[in-house]
Each structure stands twice: as structure tokens, then as C-alpha cells.
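The values are calculated or read from the model by the stated rules, or taken from the named source; none is laboratory data. Just so you know, these numbers come straight off a predicted model, no measurement behind them. Here Cβ is always computed from backbone atoms with ideal geometry, including for glycine, and neighbour counts include all displayed protein chains. Just so you know, the surface numbers come from the protein's heavy atoms only, side chains and all, with ligands and any DNA or RNA stripped out. Shrake-Rupley method; radii C 1.70, N 1.55, O 1.52, S 1.80 Å.
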There are 2 protein chains.
Amino acid sequence: MEIKEELYNQIIEGMKSEDRELLDEELENIYPVDIAEIFDIFEDHEIIKFYSMVDHEYMAKVFEELDDEIQIRLVELLDLKNIIKLFDFMANDDIADILGILRIDDKKKLLNLMKKGEYKDLETLLGYAEDSAGGIMTTEYIALKASLTTEEAINKIKKIGPKTEIIESIFVIDNFKKLIGIVDIRDILIAENEIKLEDIMEQNIISVTPEVDQEEVSLIVSKYDLEIIPVVSKKNKILGIITIDDIIDVIVEENTEDMLKMGGVSHEETVNSSFFMSVKRRLPWLFINLGTAFLAAFTVSLFEDVIMQVVALAAAMPIVAGMGGNSGTQTLSIVIRGIALGEVDIKEDLKYILKEIGLGIFNGAVLGLVTGAIIFYKYGNIYLSLIIFAAMIGNLVIAGMFGFSLPLILKKLGIDPALASAIFLTTATDVFGFFIFLGLAKIFLALLI
Amino acid sequence: MEIKEELYNQIIEGMKSEDRELLDEELENIYPVDIAEIFDIFEDHEIIKFYSMVDHEYMAKVFEELDDEIQIRLVELLDLKNIIKLFDFMANDDIADILGILRIDDKKKLLNLMKKGEYKDLETLLGYAEDSAGGIMTTEYIALKASLTTEEAINKIKKIGPKTEIIESIFVIDNFKKLIGIVDIRDILIAENEIKLEDIMEQNIISVTPEVDQEEVSLIVSKYDLEIIPVVSKKNKILGIITIDDIIDVIVEENTEDMLKMGGVSHEETVNSSFFMSVKRRLPWLFINLGTAFLAAFTVSLFEDVIMQVVALAAAMPIVAGMGGNSGTQTLSIVIRGIALGEVDIKEDLKYILKEIGLGIFNGAVLGLVTGAIIFYKYGNIYLSLIIFAAMIGNLVIAGMFGFSLPLILKKLGIDPALASAIFLTTATDVFGFFIFLGLAKIFLALLI
């Protein structure tokens, strides 16, 4: 926090001087992303003043890095014509991201203010789903014909280079604009001048079509250690590229989403969210939990007569239910992570399920033995110990089966496994845990009294 | 699975032909990482045969991508001199990774077989902790003097280029080898021939020292959208670079670790782990859970007399304890993720804790109201409803406080918050949940009977 406030004070001071050059000089040593972070403590007039004093290129970089709400605020504070000036310094995937969050009329007005070529590119980008390959790609890349020599290629690159996001990888196309290869700029530099691109290009290209989910794209990029991945049409025409910094954003975003969903929170909440935002994000989920808690309570209430006669059951029953939940969560975490990393192979389901059942029996027996011994020490009834031993094994087997299959079933149904698995799992382990334990107690009641 | 087996059969078929060229041709269209995946179904003699038939460069790429155990197996199967031949085609950070997992005598023998320069570089790399910036950096980069012209620079790059991992970013050093700037190869290409590097270099460099934790490095790289980050000594001499593909591996690894730890599993387990590996990874954690389950059971047993008189308490008590656990897990997930993303700011602790207490009161009151109403409908006792209402608020406040502070306290104590938070949290919400609810019931027992 201190650093943020210090930076804020420094910038406010710099603006007071009314000296553009002085401010520019200061900003030379400050990254736009750090400036973006203090925008949420800027007053409206401070934002306008900042915009008026810094050069457009720097401002554009800050603009890209702002949180969604502040981007909207900036668009409202500045004239749309000024926004267009900033867009001139931005890659069109970043422009598309911003347009995507604006009100429809602002978006339309901005699109109308653009040059025809840009307008067309952006309209195409805006047509793809936000979390698809098309939604995160940029159309600024270099594609050269295979018949060019490396010398000709370098001259072209020198001309086009400044306008594109990436020049490390050059895409090679045939006369029909189909993607047929990739050349590293390194290889062009090293090669003899008269060699043709088709002679040094890598032909074995990994590409995706625009509708592929961004999570799948990130898995491919990370598996094959790519620095860039081309997006192509079904007919193999190049449509755009996805760069690795955008892939990192995808990985971080998807991981955050998975982890928070498993914890029962919408991914849109951070520690900084407002009180009522937090209520809105958490309460609905707690209500679903309450429903399952009542299911468990209802199961217990079926056995009130048994508990009344052997009250020790009330103390011991949460152990069985709880250990089932813990054990099932272990399985669940491994499977959900395996799905996210593309490691789980549904074909091998049966083998894995048998393993989980085996683990349930083994771990259940070990834990049940210890629990039974402690219970015997406290209550002196060997039958109570035997019942908790059996119930522990039963519930851990159920935990393993549910923990393994729930995420896979939910995934097949098109439901996010990270979101809903935990709740179904603990419902199962609570209800079955209480039912098996209290049910056995009811059957062998005579031995317990 | 099918794809893996198909590939396996294809390669086995290719090796039977004894035709090296044919096999090479086939491999041209197959990525080394895909070949690496079938190595675990290869028999020993098949591995040896594969090595003898493919060219060293391809084999080196496969070697890099193998799992640790199979890398060790390969080193044992092949003569150490052959391993050295493969090392010739590998970056030295990858070599260091492999040496790091070998038996000490194999490691020493391999180091002794190396050229002096390589040996020195590797010894330095091996000196850094595996999960530090030094442990993931490579020493293969291009550093040029600031006084060079772009033309001279390009000629140097053409010479050194093929031997280094990255040539997109050129590091600029002064006469004392201190890092003073970075130039994009793009800017060198575009610039006039006689311009000096010092005139076009970016001076505002983000770097790390070798002992910085890899997770922190990944946060910096992802915040500033870097494609490469230099590792420098305290005196600002360049020691190495970390490339973005290694950063992606770090992010994926750290996320997997966090998610599995939160689920109570060691990060070393995957769906493919063997039965006894799984037992070894999970059982110790389940025993810790068992300890906390007994704590909860002990709390309940303190109130056996109360439960005996009002058996409805036994059915209702898991609701209070369970909802506390759910609510606390929500807070916990947000804070742990916030810590991992570097977003949580300890200075603001108090503000956040007050918010969590507020959320506990608000959500607790809403959930308590609904729960109380349902309990009244079932048991017809308004005092029981009031007690559950009060206990729900109390336990959700405790859940919020623990959920927020536990990860921060553990972090300050140097304990991984993802690992231990959940267990402490549910212990707290179970024990306090039962205690508050049953305690209140004991105090107002006369009203409940």
C-alpha cells in the first residue's frame, strides 16, 4: 500500500508542476502497469489531467492495463475521439477486449470512428467468444510468401516490423494464403541471403481454430513449449496469432477460477471486493450448502430413537462423516487438477475407480482401527468400535467412488467440475456417513446398550 | 490412450524396418514431447534401440521432456559418454535439472566428462536452490557492449545466435560487464546501421537476483508481461536469463501444488500414481484430520447429558458446524489465491478482518433465520430456533476471522498457507460450532425440554 500511495503522491506532485517534459522524464522509469494500479485512487479531474499531460503511447499502455470498471470510467471521462487516438497505439486484441466491456452505443460510436480496415478486423475479433482462441488472438502478425529469399524477407520485416506485435516468428504462406510453415527470425538472420523461406521453414505447425476454448489453447502451448500459436480457419488460412503473454493471463485466470470455485466462491471476488459484492457472490452458494446440511440433519433425525438410547453415537458420528469428506476431497482435488491439465483419460476410468475403492478400503481400515481403539478406550464397548470400523471403511469407499466419478460425470454433462463437485461430494459423504454408522448402530442396538 | 498406443505401435514398426532414414522421416512430423510420453511403455531394449536409431538432436529433445524416473532409467541404460553427447544439444538449465535428480556418483562422473567451461557453468547452476531464480535460469544468452553499432551487433548475433536459447532480447553491458540495458532484436533490425546499442536500448530493466523464489519471479513476469527476465548479481552483473516457457512451467507447477495442498494431497500425486504411493501421500494427512475429528467429537461428548435430554440437538448440530466450514472455506480460498497472486496486502489486515466479521454476521443472520424457521417447523420449539440462529452467526463470524487470518499467520510463520489452512479452519469451525450451539442449549436447557 505504501508504495502505491508514494507513487500516487509523486504523480500528483508531477502534475502540479504543469511541466510535461518533467512528468515524461519521471514516467520513463515507471511501468504503465504500476501507474494503472493507482488509477483507482485518482479523482475524475486527476485522470483527465493525467491524460492531457502524458503522451498518447504511454497513456495507451496504461489504458490496456486498467481494470474493467476503470476502463469504462475512462471512456466516459474522455471524448470518444481521444479514445480513438489511444487505440492507434494498441494491438487490436486489446482494443477488442475494451470494446467488449463497453456499453453497446459507445462501442458502436467508437467502431464508426475507425478506419475501414481496422473496423473490419475488429468486427471479426468481436465475433468470437471471449474465452475462445478467436477471442484472445490478435491479427497483427507477419505472413510472408514461401518463395521470398531471406534477404527479401528481412527487408519486408524491417518495413512491417514496427506495426506488429511479434516479429520473432514469421508465418509462411502459399499463393492461396494458406499457412504452410513458420520461420524463426533467428534462422532468417543466420541463413545465406539467397536461400528461400520455404527451404528453412518448419512445416510441422501446431495451430488451433478460432472456436477452440482458451484453456485448451493454454494446455497445447504449455505442453509444446510454444512462444506463439497461429489461429487458422478450417481451410488452413491464417486468421491471427496468440502470443505467450496472453496465454499466461489465461493460465492464471483459469487457475484462479478453479481454485475459488472449489472453495465455493465466484471467481469474480478478490480480497478487495466490496461488502455487498461479497454477499452476492457467497450467499447463494451457502444456501446450496444449507440444503445439503439439512439433508444430512434429516438423515440423523431418522435415528433419533437410537441416539437417545446410545448418546455416544452423537459424539462419534461426525468422525465418520468428516473423514469421508476429507478423503473424498483428496481424490477430488487430484481428478479436477488432472482434468485441468488434460491428464485424466476417461478410457481408463475402471482401473482408476478400482484403485480408489482399494484406497478407501485400505485407508478406511487403518483409520477405522485407530478410531475403534480410541472409542473402545473411552466407552468400553467393543461392538461400538466394530461398528465405527465398518462404517469408516464403507464411507471411505463411497468417498473414493464419488470423488473420482463426480468431476468426470459433471464434465460430461457440460458442468464445470471445479464448481459443483465439492458440494455433491460432501453431501454424499455426510448422508452416507451418518446413514451407515447410525444404521449399523440401529441393527446392532441390543449389543450397544 | 488410444493415440499413445497408436504412436507406440507406429514407432515400434518404424524401428523394425532397421531403416534410420525412414524413421527420421516419420519423426519429422512428431513432436519430441509426444515421443517422451510413450517412453514409459517402452521396454529397456526398445529404449536402447530407439536411441541407436535416431539422431542425437532429436533424442536430446525427447530426453528433456521425460519424467524424472525415466530420465534416471535412461541414464542407467545408456553409457555415460552417450549421455554427454545428448547434453551437447541441450540448454544448460535443462542439463542442470537432469543432473539434479541423478545419483551423486553418476552426476560427478558426468561433470568430469564435460568440457571445462561447461563444467563451471553447470556447477554454478547446481549451486542454486531448485525453486529459485538461479535454479531455473540458463546461462545461454547474448550480452553485447553498449558501444557496438547495430551493424556490428547483427554480425555478432549471426555468429553467436545458433548457440543460445533466445536471441529476441539482447542484453547490453558496460565495460565492467554490468547490465545497463536491453534491446529488442526488432529494434536492432529496424535501426540505421551506424546507430549504437546504447542509443536504442531500454534502460529501465526489471531483473531478479538468483535467490529470489521462482513463484515471485513468475508474478513479476506475468505482471509486467515480460518475455524474458535477466538474473543479476547484487552488483548488477548478468548471471543468466529466465525464459517465458520455463515461467509457464513454474506457474502450472505452483498452481497444481496449491490446489492439491488445499485438498489435502501432496503435490507429487497424480491420477497415475501407484496404489502404495497414493496411500503414502494421503494417509498421513488423513491422520491429522482424524486428530481434529476427535477434537470435535470430544467437544460433543462434553454435552452428552444435554443431547440425551433434547435429542433434536444431535440432528441440528452438524448444520451449524458444517455451515461454518463452508463459509470459512470461501474466505480461505480468496485469501490463499490473493497471497499466491501477490494481491493481499498485510497492511490492510484490519479493514479486511472487519469486513469478514461483517459478512459473518450478515450471512449468519440470513442463514440462521432460514434454518431457525425450518427447525421451528419441524420441532415446534422457538427457543431451539433462537439458539441455532445465534450459534450460526457466532460460528460464521469465527469462520470469517479464522479463514482470513490463518493463511496470513501461517505465511508469516513460514508455513505454506495452502497446505495447512484448511485443516486448522475446519477444526476451528467444528469445535466452536458444536461448542457454541450445544453450550447455548445447555444454558437454556429448561426452555428446550
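Data overview
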| quantity | calculated |
| --- | --- |
| Selected residue (only one of A:Met317, A:Met323, A:Met259 is within 30 Å of A:Lys223 (Cα to Cα), surrounded by 22 or more Cβ atoms within 10 Å (Cβ to Cβ) and among the aliphatic types (A, V, I, L, M)) | A:Met259 |
| Hey, B:Val265 part of a helix (DSSP H, G or I) and facing chain A (nearest Cβ under 10 Å) or not | no |
| Cβ-Cβ under 8 Å pairs, at least 6 apart or on other chains, the range B:152-173 side closer than 11 Å to B:Pro230 by Cβ, far side at pLDDT 85 or above and among the basic types (Lys, Arg) | B:Val172/B:Lys145; B:Ile173/B:Lys145 |
| Unmet criterion (only one of (1) in a helix (DSSP H, G or I); (2) within 7 Å of chain A (Cβ to nearest Cβ)) for B:Val344 | (1) |
| Residue that is nearest to the chain's Cα centre (by Cα), among those in the range B:71-81 that are part of a helix (DSSP H, G or I) and surrounded by fewer than 18 Cβ atoms within 10 Å (Cβ to Cβ) | B:Ile72 |
| Single residue of the range A:82-95 satisfying the filter (within 26 Å of the chain's Cα centre (by Cα) and part of a helix (DSSP H, G or I)) that is farthest from A:Glu118 (Cα to Cα) | A:Asp94 |
| So B:Gly403, is it touching a residue at least 12 places away in the same chain (Cβ under 8 Å), open to solvent by 30 Å² or more (accessible area, probe 1.4 Å) and closer than 27 Å to B:Leu219 by Cα | no |
| Breaking point among (1) open to solvent by 30 Å² or more (accessible area, probe 1.4 Å); (2) more than 19 Å from the chain's Cα centre (by Cα); (3) more than 30 Å from A:Tyr379 (Cβ to Cβ); (4) more than 7 Å from chain B (Cβ to nearest Cβ), for A:Phe275 | (4) |
| Filter pass, A:Thr150 being more than 22 Å from A:Ser207 (Cα to Cα) and crowded, with 20+ Cβ neighbours inside 10 Å | yes |
| Close pairs from the range B:104-128: first within 16 Å of B:Thr138 (Cβ to Cβ), partner β-branched (Val, Ile, Thr) and surrounded by 12 or more Cβ atoms within 10 Å (Cβ to Cβ), Cβ under 6 Å, at least 6 apart | B:Asp121/B:Thr139 |
| Residues satisfying the stated conditions in the range B:347-362, i.e. free of Cβ contacts under 8 Å to residues at least 12 places away in the same chain and either under 31 Å from the mean Cα position of the chain (by Cα) or more than 7 Å from chain A (Cβ to nearest Cβ) (or both) | B:Lys347, B:Glu348, B:Leu350, B:Lys351, B:Leu354, B:Lys355 |
| Among the candidates A:Glu211, A:Glu216, residue that is touching a helix residue (DSSP H, G or I) at 6+ places or on another chain (Cβ under 9 Å) and assigned to a loop (DSSP other than H, G, I, E, B) | A:Glu211 |
| Qualifying residue in the range B:96-108 (condition: under 24 Å from the mean Cα position of the chain (by Cα) and either open to solvent by 60 Å² or more (accessible area, probe 1.4 Å) or within 18 Å of B:Asp55 (Cα to Cα) (or both)) | yes |
| Filter result for the condition that a residue is in contact with a helix residue (DSSP H, G or I) (Cβ under 8 Å, 6 or more places away or on another chain), closer than 14 Å to A:Tyr8 by Cβ, of a type outside the set (A, V, I, L, M) and modelled with pLDDT of 90 or more, over A:Phe50, A:Phe63 | A:Phe50 |
| Residue that is in a loop (DSSP other than H, G, I, E, B) and open to solvent by 20 Å² or more (accessible area, probe 1.4 Å), where the choices are A:Ile180, A:Ile205 | A:Ile205 |
| Subset of the range B:268-292 (residues that are in contact (Cβ under 8 Å) with a residue 12 or more places away in the chain and part of a helix (DSSP H, G or I)) | B:Arg281, B:Arg282, B:Trp285, B:Leu286, B:Ile288, B:Asn289, B:Thr292 |
| Single unsatisfied condition, A:Ile251 versus (1) under 25 Å from A:Ile185 (Cβ atoms); (2) within 14 Å of chain B (Cβ to nearest Cβ); (3) at pLDDT 90 or above | (1) |
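Yes/no per residue for (1) at pLDDT 95 or above; (2) closer than 30 Å to B:Ala315 by Cα; (3) touching a His at 6+ places or on another chain (Cβ under 6 Å); (4) assigned to a helix (DSSP H, G or I):
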residue	(1), (2), (3), (4)
A:Gly322	no, yes, no, yes
A:Asn326	no, yes, no, yes
A:Thr331	no, yes, no, yes
A:Ile336	no, no, no, yes
A:Ile339	no, no, no, yes
A:Tyr352	no, no, no, yes
A:Gly364	yes, yes, no, yes
A:Leu369	yes, yes, no, yes
A:Ala373	yes, yes, no, yes
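Yes/no matrix, rows are residues, columns are (1) more than 11 Å from chain B (Cβ to nearest Cβ); (2) open to solvent by 60 Å² or more (accessible area, probe 1.4 Å); (3) in contact with a Phe, Trp or Tyr (Cβ under 7 Å, 6 or more places away or on another chain); (4) within 20 Å of B:Leu260 (Cβ to Cβ):
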site: A:Gly368; (1), (2), (3), (4): no, no, yes, no
site: A:Phe376; (1), (2), (3), (4): yes, yes, no, no
site: A:Leu396; (1), (2), (3), (4): no, no, no, yes
site: A:Asp416; (1), (2), (3), (4): yes, no, no, yes
site: A:Leu419; (1), (2), (3), (4): yes, yes, no, yes
site: A:Gly439; (1), (2), (3), (4): yes, no, no, no
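Every residue, every condition in (1) facing another protein chain (nearest Cβ under 7 Å); (2) aliphatic (A, V, I, L, M), yes or no:
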position: B:Phe287; (1), (2): no, no
position: B:Phe298; (1), (2): no, no
position: B:Ile307; (1), (2): yes, yes
position: B:Val320; (1), (2): no, yes
position: B:Asn326; (1), (2): yes, no
position: B:Gln330; (1), (2): yes, no
position: B:Val335; (1), (2): yes, yes
position: B:Gly338; (1), (2): yes, no
